[in-house]
Amino acid sequence: MRVALITKDKDGALQARLDNRDAHLAYIAETGVVEMAGPFLNDEGTMCGSLIVLEVADMAAAQNWADNDPYNKAGLFQSVTLQAWKKVIG
């Protein structure tokens, strides 16, 4: 199943994002369940959250992936939402 992982960073957390970016990208590569991903940008063009589409067995696997993301472990996020998602175009 596909699951959209939607996150919003805590205010003023850009440095935490930058400090953990390499570990986050390595986690994506290691786990092999990310179909597409990228940061949300604020009005200034600064990263402020993420949209990650996971291809996983079930919602529990999506939650496990989100829990173990280095960004999450670093306390970067103000909010995290997991939502089942159906690809229609693209």
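Answer with yes or no whether VAL53 is among the β-branched types (Val, Ile, Thr), without any contact (Cβ under 8 Å) to a residue 24 or more places away in the chain and under 22 Å from GLY90 (Cα atoms).
no
Consider only pairs whose beta carbons are under 6 Å apart and that are at least six residues apart or on different chains; among these, list those whose first residue lies in segment 5-19 and is of a type in the set (A, V, I, L, M, F, W, C) and whose second residue is part of a helix (DSSP H, G or I).
Short answer, once both residue conditions are applied: LEU5/ALA66.
Within segment 6-25, is even one residue aliphatic (A, V, I, L, M), loosely packed, with under 13 Cβ neighbours inside 10 Å and touching a helix residue (DSSP H, G or I) at 6+ places or on another chain (Cβ under 8 Å)?
Checking segment 6-25: not a single residue is aliphatic (A, V, I, L, M), loosely packed, with under 13 Cβ neighbours inside 10 Å and touching a helix residue (DSSP H, G or I) at 6+ places or on another chain (Cβ under 8 Å).
Please count how many residues of segment 29-50 are among the small types (Gly, Ala, Ser) and either in contact (Cβ under 8 Å) with a residue 60 or more places away in the chain or touching a helix residue (DSSP H, G or I) at 6+ places or on another chain (Cβ under 9 Å) (or both).
Number of matching residues: 2.
Can you name the residue in segment 62-90 that is over 22 Å from ASN20 (Cβ atoms) and not β-branched (Val, Ile, Thr) and, of all such residues, is nearest to the chain's Cα centre (by Cα)?
GLN83
When residues of segment 1-19 are filtered for being under 27 Å from ALA84 (Cβ atoms), over 11 Å from the mean Cα position of the chain (by Cα) and among the polar types (S, T, N, Q), how many remain?
0
With respect to the numbered conditions (1) surrounded by 12 or more Cβ atoms within 10 Å (Cβ to Cβ); (2) in a loop (DSSP other than H, G, I, E, B), which one is the sole condition not fulfilled by GLN63?
Of (1) surrounded by 12 or more Cβ atoms within 10 Å (Cβ to Cβ); (2) in a loop (DSSP other than H, G, I, E, B), only one is false for GLN63: (2).
Which residue is surrounded by the fewest Cβ atoms within 10 Å (Cβ to Cβ), if the candidates are limited to segment 27-60 and must be of a type in the set (Ser, Thr, Tyr) and over 17 Å from TRP85 (Cα atoms)?
Looking at the filtered set, the residue picked out is THR46.
Checking PHE40 against (1) among the aromatic types (Phe, Trp, Tyr); (2) in a helix (DSSP H, G or I); (3) out of contact with any Phe, Trp or Tyr (no Cβ under 9 Å at 6 or more places or on another chain): exactly one of these is not met. Which one?
All conditions are met except number (2).
Could you figure out which of (1) in a strand (DSSP E or B); (2) within 26 Å of GLY90 (Cα to Cα) isn't true of GLN78?
(2)
Any read-out appearing in this document is the output of simple, stated calculations on the displayed coordinates, not a laboratory observation. Values in this document were obtained by computation on a predicted structure and should not be read as measured data. Quick reminder, even Gly has a Cβ in these numbers, built from the backbone with ideal geometry, and neighbours come from all protein chains shown.
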